[in-house]
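Have a look at the structure below, then the notes.
Here, each number is a calculation from the coordinates, and none is a lab measurement. The model shown is predicted, which means the values in this text are computed figures rather than measured ones. Note that we place each Cβ from the backbone using ideal geometry, even for glycine, and neighbour counts take in every protein chain shown.
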Amino acid sequence: MRMILAVLYREYRIRTTSMTWTFYDLFMPLTYLLIFGIGFDRAFAGGLSTGNVVVSYNAFFLAGVLSMASFGIAINTSYGFFVDRDNGIFYEFLTYPMTRSEFLVGKILFNCLLSLAQASITIGLGVLVLRIPLRWEWLLFALTGVVLGTAGWFFFLTSFALRIRRNDMFNTFINVAYFVLMFASSLFYPTDAFPTWLRIVSYCNPLTWHTDVLRFTTIGIGSFTTVIAEAVAFTLFLVASFWFAVRTLARGVLR
Amino acid sequence: MSGTGQAIATLDLVKVYGEKSRTPVRALDGLAIEVNKGEIFGLLGRNGAGKTTLIRILTTLIRPTSGSASVMGWDVARDPLQVRKQICAVLQENAVEIYLSVADNLDTYARFHSIPLPEIRRRSERVLDQFGLREYRHQKVIDLSGGLKRRVQVAKVFMVDRPVVFLDEATTGMDPINKRATIDAIRGQAQQGRTIVLTTHILSEAEELCDTIAIIDRGKCLVRGDLQTLKALSSRAFDMTITFDSLTDTILTELQQLPLLKMTHKLDTVELCVKGKELTAIEILNRLSRKYTITQFEVSGATLEEVFLELLDHREGGTT
């Protein structure tokens with residue numbers, strides 16, 4: 001536990017050296033919701049129809065923004081491996097008296113706390129400013145979903161960050177992943193309107209599973225059975241990604 | 001865990017990079033070394049000899065392909081966490097938290113090594129003075145010069161007291177004053193019973209510091225022993241310093257015909273390291289004095305640098 005706290009402390013010290021980072025970490029999703037969300041909310045003045053329900057775009061997009069924020073934190077942290085590797089500190093870390101799992105868990109714990117703060121601000125101000133009808137009784141599940149989402153994406157992207165040596169290649173990978181995963185998911189729009197092939201793709205996309213769970217827990221849209229299946233699928237994705245990331249670290253990152 | 005007096009032991013250690021590729025690189029080739037507890041052990045070898053690979057295996061950064069390696073009795077492959085609890089390392093790569101201040105770098109490093117907070121403050125004060133970092137303590141490392149960054153990196157290991165310290169070219173990029181401070185600090189650590197393993201290209205540094213030296217080449221240990229043992233091995237090399245009343249190109253050309261390991265000249269003085277027996281030195285002096293006026297000469301045994309050059313030259317089959 002002491003090692004996990006040491007990693008947590010290190011992440012905290014680094015993040016708090018820059019106000020820009022702090023702003024980005026805490027308020028960026030809210031800014032996204034306020035600008036992008038409000039714009040689309042006006043464009044779909046009559047609301048969005050999904051299933052048999054009509055909701056405002058702001059309400060619909062809240063889960064998308066939370067999901068995107070989890071994904072964004074994971075991207076930033078996985079990119080941090082490149083920064084640490086360039087500074088050489090990454091290799092030194094691996095000689096510290098801790099297990100590879102403790103190293104990853106410490107990093108993810110900090111990011112989960114960060115995503116929790118980020119989600120609380122986004123949800124709180126979303127409800128106050130945009131009048132999003134939140135299911136307060138499900139809030140704990142929603143926040144748990146945010147945390148698990150951040151962890152899942154972090155472990156997934158970490159495996160690639162550790163295996164890909166070139167910064168430019170990782171950037172390309174991230175851009176493609178960002179583009180494909182976000183737009184082929186239920187993040188920005190309901191998948192009901194997708195053509196069949198794209199709907200199938202979106203059903204195989206962990207970002208859709210995560211967003212659907214968050215949408216159900218925040219505004220109650222979606223079928224309970226489907227959401228449970230998606231939650232289980234995402235948990236399996238998280239566990240597999242964790243195992244893969246630890247294995248990559250344990251097998252020797254320098255090979 | 002073994003209960004012997006060895007801090008480090010490797011046996012038939014092999015590391016092949018890119019095993020499945022068409023051009024695998026055999027960085028270590030059956031390396032066997034032993035380092036006793038409490039000694040300063042110098043690991044020498046030319047670039048690509050396998051020194052850094054060995055350090056990486058011993059610090060659990062990479063796994064060996066075959067063979068075994070242990071640190072304080074713990075096997076690096078089977079008990080990597082226990083190994084990491086015994087060591088601290090200055091790696092060849094620069095390793096500093098560039099966004100943190102110098103003081104925070106020392107602080108975070110010590111936390112990772114479970115040093116209690118009051119002790120961190122006390123040690124931090126000592127290390128800041130020891131490495132001349134006090135005036136930079138609140139500066140972010142990103143704003144420091146390369147030499148200062150390296151100093152911060154080296155200073156960190158003196159915050160903790162693990163039994164084994166690895167220093168991979170630790171003094172690279174340091175100015176002479178801080179190099180001296182680092183050497184003194186290393187010696188101080190050894191006096192407290194810590195085992196120090198250092199790699200360096202500065203052979204005078206190894207000569208000054210190390211109790212035992214191993215020269216490795218192409219992943220194998222060529223020779224291991226204390227400085228005297230190594231010098232004894234090199235009885236076929238000696239140093240000559242000759243001062244002529246006037247050093248000409250003709251003399252230099254003639255000197256270049258000798259079996260040299262090294263030759264430098266300044267004004268009228270030539271410094272040579274020659275392969276051969278000391279009798280050869282007399283022959284050389286006789287031959288030269290017949291043709292030229294020699295005002296001063298000196299013959300001495302080999303330095304570590306010459307031992308190093310000779311051993312590697314011998315392995316290359318006589319080519320320098």
**Report entry** Pairwise label distance in nanometres, B:THR269 with A:ARG199, each label 7 Å out on the Cα-Cβ vector
**Finding:** 9.1 nm
Requested in this report: Once every Cα of region B:27-70 carries one equal point scatterer and solvent is ignored, give the base-10 log of I(q)/I(0) from the Debye formula at q = 0.18, 0.25 Å⁻¹, two decimals.
Outcome: -0.56, -1.07
**Report entry** Footprinting exposure proxy for B:ILE98, A:ILE75, B:ILE57 (fewest neighbouring C-beta atoms within 10 Å first)
**Finding:** A:ILE75, B:ILE98, B:ILE57
Requested in this report: Determine the dipole magnitude for chain B: charges of +1 sit on the beta-carbon of Lys and Arg, -1 on that of Asp and Glu, nothing else is charged, the reference point is the Cα centre, and the result goes in debye to the nearest 20.
Outcome: 1080 debye
Query raised in the report: For q = 0.14, 0.26, 0.29 Å⁻¹, what log10 I(q)/I(0) does region B:235-301 give under the Debye formula with an equal point scatterer on each alpha carbon and no solvent?
Result: -0.34, -1.30, -1.63
Query raised in the report: Given chain B, what percent of its DSSP beta bridges are antiparallel, to the nearest 5?
Result: 70 percent
Query - Estimated FRET transfer efficiency (B:ASP161, A:PHE179; beta-carbon r; R0 45 Å; 0.05) - result: 0.30
Query raised in the report: Which value, in debye to the nearest 20, gives the size of the charge dipole of the protein assembly as shown about its Cα centre, when Lys and Arg are +1 and Asp and Glu are -1 at the Cβ?
Result: 1260 debye
**Report entry** trypsin sites (Lys or Arg not before Pro) within region A:94-139: DSSP coil, no more than 14 neighbouring Cβ in 10 Å
**Finding:** A:ARG131, A:ARG135
Query raised in the report: Using 0.36 nm per residue, how much length does the chain from A:LEU139 to A:TRP243 gain when fully extended, once their Cα-Cα distance is taken away?
Result: 34.6 nm
Report summary line: Farthest towards the positive end of the dipole of the protein assembly as shown, among B:PHE297, B:ALA9, A:SER241 and with Cβ unit charges of +1 on Lys and Arg and -1 on Asp and Glu, lies the Cα of A:SER241
Report summary line: Filtering trypsin sites (Lys or Arg not before Pro) in region A:161-209 by DSSP loop and by at most 11 other Cβ atoms within 10 Å leaves A:ARG165, A:ARG166
Requested in this report: Quick one: Debye curve from the alpha-carbon atoms of region A:92-188 only, equal weights, vacuum; give me log10 I(q)/I(0) at q = 0.13, 0.20, 0.24, 0.25 Å⁻¹ to two decimals.
Outcome: -0.65, -1.14, -1.28, -1.30
**Report entry** Residue among A:SER49, B:VAL141, A:PRO190 farthest towards the positive dipole end of the protein assembly as shown, charges placed on Cβ
**Finding:** A:SER49
Query raised in the report: Cα centroid distance between region B:141-179 and region A:103-130, in Å?
Result: 38 Å
Report summary line: Here the averaged projected area of chain B, based on the convex hull of its alpha-carbon atoms and given in nm², is 20.0 nm²
Report task. Would you work out which of A:ASN205, A:PHE173, A:PHE36 lies farthest towards the positive end of the dipole of region A:2-250? Charges go on Cβ: Lys and Arg +1, Asp and Glu -1. Result -> A:PHE173
Query raised in the report: So what is the diffusion coefficient of region A:18-173 in µm² per second by Stokes-Einstein at 4 °C and 1.567 mPa s, using a Kirkwood Rh over Cα pairs?
Result: 76 µm²/s
Requested in this report: First measure r as the distance between the Cβ atoms of B:HIS201 and B:GLU298, then evaluate 1/(1 + (r/R0)^6) with R0 = 30 Å and state the FRET efficiency to the nearest 0.05.
Outcome: 0.70
Query raised in the report: With each pseudo-label sitting 7 Å past Cα toward Cβ, what's the B:LEU11-B:THR23 distance in nm, one decimal?
Result: 3.6 nm
Report task. Arrange the following residues from fewest to most other Cβ atoms within 10 Å of their Cβ: B:THR60, A:THR235, A:THR211. Result -> A:THR235, B:THR60, A:THR211
Report summary line: Given unit charges at Cβ for Lys, Arg (+) and Asp, Glu (-), the dipole magnitude of chain A about its Cα centre in debye, nearest 20, is 540 debye
Report task. May I ask for the Rg/Rh ratio of region B:1-75, computed from Cα atoms with Rh as the Kirkwood radius, given to two decimals? Result -> 0.99
Report summary line: By Cβ neighbour count within 10 Å, fewest first, A:ILE14, A:ILE121 rank A:ILE121, A:ILE14
**Report entry** Average beta-carbon neighbours from other chains, 10 Å sphere, peptide B:90-98
**Finding:** 6
Query raised in the report: Can you give the three extents of the C-alpha atoms in the protein assembly as shown along their principal axes, from longest to shortest, in whole Å?
Result: 111, 53, 53
Query raised in the report: Once you put a point 7 Å from the Cα of A:SER18 and another 7 Å from the Cα of A:THR235, both along the Cβ direction, what distance in nm separates them?
Result: 3.7 nm
Query - FRET efficiency, B:SER68 to B:ARG126 (Cβ-Cβ, R0 41 Å, nearest 0.05) - result: 0.65
